[in-house]
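S.K.: This is the structure I have questions about; it appears just below.
The values are calculated or read from the model by the stated rules, or taken from the named source; none is laboratory data. A quick note: this is a predicted structure, and the numbers were derived from the prediction, not measured. So basically every Cβ, Gly included, is an ideal-geometry build from the backbone, and we count neighbours across all protein chains shown. Heavy atoms of the whole protein, side chains included, go into the accessibility calculation; ligands, DNA and RNA do not. Shrake-Rupley method; radii C 1.70, N 1.55, O 1.52, S 1.80 Å.
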Amino acid sequence: QKKKLLEELGEKRLPYVTPADADFHRLWKTKYSKLIFRKSDTVPEELHQLVQEGFLTLRKHECFFQDLVRIKGKDFVTPVSRILIGNPGCTYKYLNTRLFTVPWPIEGYDIKYCSPEIHDACKALIRLNDYLHVEAVKALQGQNLSETEEIKDTTVIDREPNFATSLMEKGSVPKDQSSSCVPEDDYISLKNRTSYNLTLLNYMDPLQMLYLKQEPYFGMGNMAVSWHHDENLVERSTVAVYSYSCEGSAMDESNEQKLKGRDPAVWHVALKVAWDIETPGLAIPLHQGDFYLMLDDLNMTHQHCVLAGFSPRFSSTHRVAECSRGTLEYIFGQCELALQNLQTDSDSMALSLKSLETAVVKQVEEIHNEVEFEWLRQFWFQGKRYLKCTDWWLKPMTKLEEFWRKMEIMTSLVLSEVGKEEQIEDQRNETISCVLLVLTERQKLRKEWTAR
């Protein structure tokens, strides 16, 4: 799709607008209304201070890492350094790389951090998480209300002189609408779509980067993060992003007005309608402590990218990760299911399989692959780095390795059984065919991971 779009464009560049353009707010209201933007002065000062100190602490302790991701069979190191913080036992997978949460401090979990400072940083981020959750629920309630009250007179947008300012500062929903009553089912749905279970923190100093990709469609300049949809999220869930660019206290914002397009010194978030060359793009400046929300299906219908400024920048991107297959609870459950087919003789202590039914054998071998390639190899591939923050993952990984060893024994037992002459030929062939597929996949993936 990208190639087709670029061919269609040729040497041309698509138009885009910034808040300095007269058309900006009309376009936002009509084509990007599910993007809510709040300026830093709407956030409590104490929260700013805690979160910003937390960012700097994590950087001081060297807790941000570039990820090795896989795109179309090739490995790339991300220009942005990241760390995942969130619910204990939760993971987040993007571009074939699984990240494991540094757990934030929540009741009922014994989490030992490498220093009290790291504990405080994680605590600050859960505070920010709670704050953004409340803001997202309010914004969605307001959105629902404004959708049900059909706007009768659209010209009000043009007549309202301070519309631009109010939208930038307050988001597109007046405060008094956001606390309106909503049916309980709707409220539960809103809560589920805004209950962030983790945040992916990003850090980048553009001046340290030898090369940054140029934005290809609009000519917006240097990109820190290319155009994308966030992946692995609960459907129609909100993404909340808090931005902290370490700019000097008096960056000359008047530059923005003089330049045609965006000020290259200032970080921006840019949005476009996915695979559309009719609608102009949007580029919004991000200053210290601003945050924005991508509501409802915006992440599916639109793409966004991050345009680099000159100063280093942190961001905390809060997500409702779709981790039905990405928690420790899930993978331990899978292991227990697989190991139900293993039995130990009470006298000789010899191990054997309860069933050689093809469906049972196939399920066990697939779980074996899942444990090895989605968990153990993903963790040890770049997992030692988490030890800079906490050793929380070591215990569960040791337990998973024990389960994996038992599954290796189970594979050997299957192969030994199908080699016995008393096996009925049809059943043996069926078992061999099914096991061969999973083992071929295992062999291929082991080679791939060794190369990575």
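S.K.: With the other protein chains left in place, how much accessible area per residue, in square angstrom, belongs to region 328-451 at a 1.4 angstrom probe?
M.R.: 56 Å²
S.K.: When the Cα atoms of the chain are enclosed in a convex hull and the volume is divided per residue, what value in Å³ results? The partial results should precede the final answer.
M.R.: Values: hull volume 88.5 nm³, N = 452.
In the chain, the Cα hull volume divided by residue count equals 196 Å³.
S.K.: With runs of 4+ DSSP H residues as the only contributors, calculate the mean residue ellipticity of the chain at 222 nm using -39,500 (n - 2.57) per run, divided by the residue total and rounded to the nearest 500.
M.R.: Mean residue ellipticity at 222 nm (helix-derived): -12500 deg cm²/dmol.
S.K.: Using the charge dipole of the chain (Lys, Arg: +1 at Cβ; Asp, Glu: -1 at Cβ; taken about the Cα centre), state which of Ile111, Thr344, Asn222 has its Cα farthest towards the positive end.
M.R.: The residue sitting farthest along the positive end of the dipole is Asn222.
S.K.: DSSP loop (so not H, G, I, E, B), at most 11 other Cβ within 10 Å: list which GluC sites (Glu not before Pro) in region 198-248 pass both filters.
M.R.: Working: sites: Glu231, Glu235, Glu247; in loops: Glu231, Glu235, Glu247.
Here the sparse-neighbourhood loop sites are Glu235.
S.K.: OK, next. Tell me, what HN-Hα J-couplings in whole Hz come from the Karplus equation 6.51 cos²θ - 1.76 cosθ + 1.60 at θ = phi - 60° for each residue of region 229-235, using x for Gly and Pro?
M.R.: Per residue, the Karplus-derived 3J(HN,Hα) values read 9, 5, 10, 6, 10, 4, 4 Hz.
S.K.: Hey, what did the chain get for relative contact order, percent, Cα under 8 Å, at least 6 apart?
M.R.: Details: 707 pairs, mean separation 94.5, N = 452.
21 percent.
S.K.: If you place +1 on the Cβ of every Lys and Arg, -1 on the Cβ of every Asp and Glu, and leave all else neutral, what size is the dipole of region 328-451 about its Cα centre, to the nearest 20 Debye?
M.R.: 860 debye
S.K.: I've got another one for you. Give the range of the longest stretch in the chain that excludes all chymotrypsin sites (Phe, Trp or Tyr not before Pro) found in loop regions by DSSP and having at most 14 other beta-carbon atoms within 10 Å. It would help to have the intermediate numbers written out before the result.
M.R.: Details: sites that count: Tyr109, Tyr211, Trp275.
In the chain, the maximal stretch lacking such sites is 276-452.
S.K.: Residue by residue through region 123-135, what is 3J(HN,Hα) from phi via Karplus (6.51 cos²θ - 1.76 cosθ + 1.60, θ = phi - 60°)? Round to whole Hz and write x for glycine and proline.
M.R.: Couplings: 5, 4, 6, 6, 5, 4, 4, 4, 4, 5, 4, 4, 5 Hz.
S.K.: Based on alpha-carbon centroids, what's the gap between region 313-384 and region 81-149 in Å, whole number please?
M.R.: 25 Å
S.K.: Filter the GluC sites (Glu not before Pro) in region 270-339 down to the DSSP loop ones having no more than 16 other Cβ atoms within 10 Å, then list what survives.
M.R.: Of the GluC sites (Glu not before Pro), the ones in loops of region 270-339 whose Cβ has at most 16 other Cβ atoms within 10 Å are Glu278, Glu322.
S.K.: Treating only the Cβ of Lys, Arg, Asp and Glu as charged (+1, +1, -1, -1), what charge dipole size does the chain show about its Cα centre? Round to the nearest 20 debye.
M.R.: 1320 debye
S.K.: Additional query: Of all GluC sites (Glu not before Pro) in region 422-452, which ones are in loop regions per DSSP and have a Cβ with at most 12 other Cβ atoms within 10 Å?
M.R.: Glu422
S.K.: On to the next question. Determine the sum of side-chain charges near Arg405: Lys and Arg each +1, Asp and Glu each -1, restricted to other residues whose C-beta is under 14 angstrom from that of Arg405. Don't skip to the answer; put the middle values down first.
M.R.: On the way: positive: Lys399, Lys406; negative: Glu372, Glu401, Glu402, Glu408.
Computed value for this residue: -2.
S.K.: Considering only protein heavy atoms and a probe of 1.4 Å, how much of the accessible area of the chain is carbon and sulfur, as a whole percent?
M.R.: The C+S portion of the solvent-accessible surface of the chain is 52 percent.
S.K.: In addition: Please figure out what share of the DSSP beta bridges in the chain is antiparallel and state it in percent, rounded to the nearest 5.
M.R.: Numbers: 57 of 61 bridges.
Taking every DSSP beta bridge within the chain, about 95 percent pair in antiparallel fashion.
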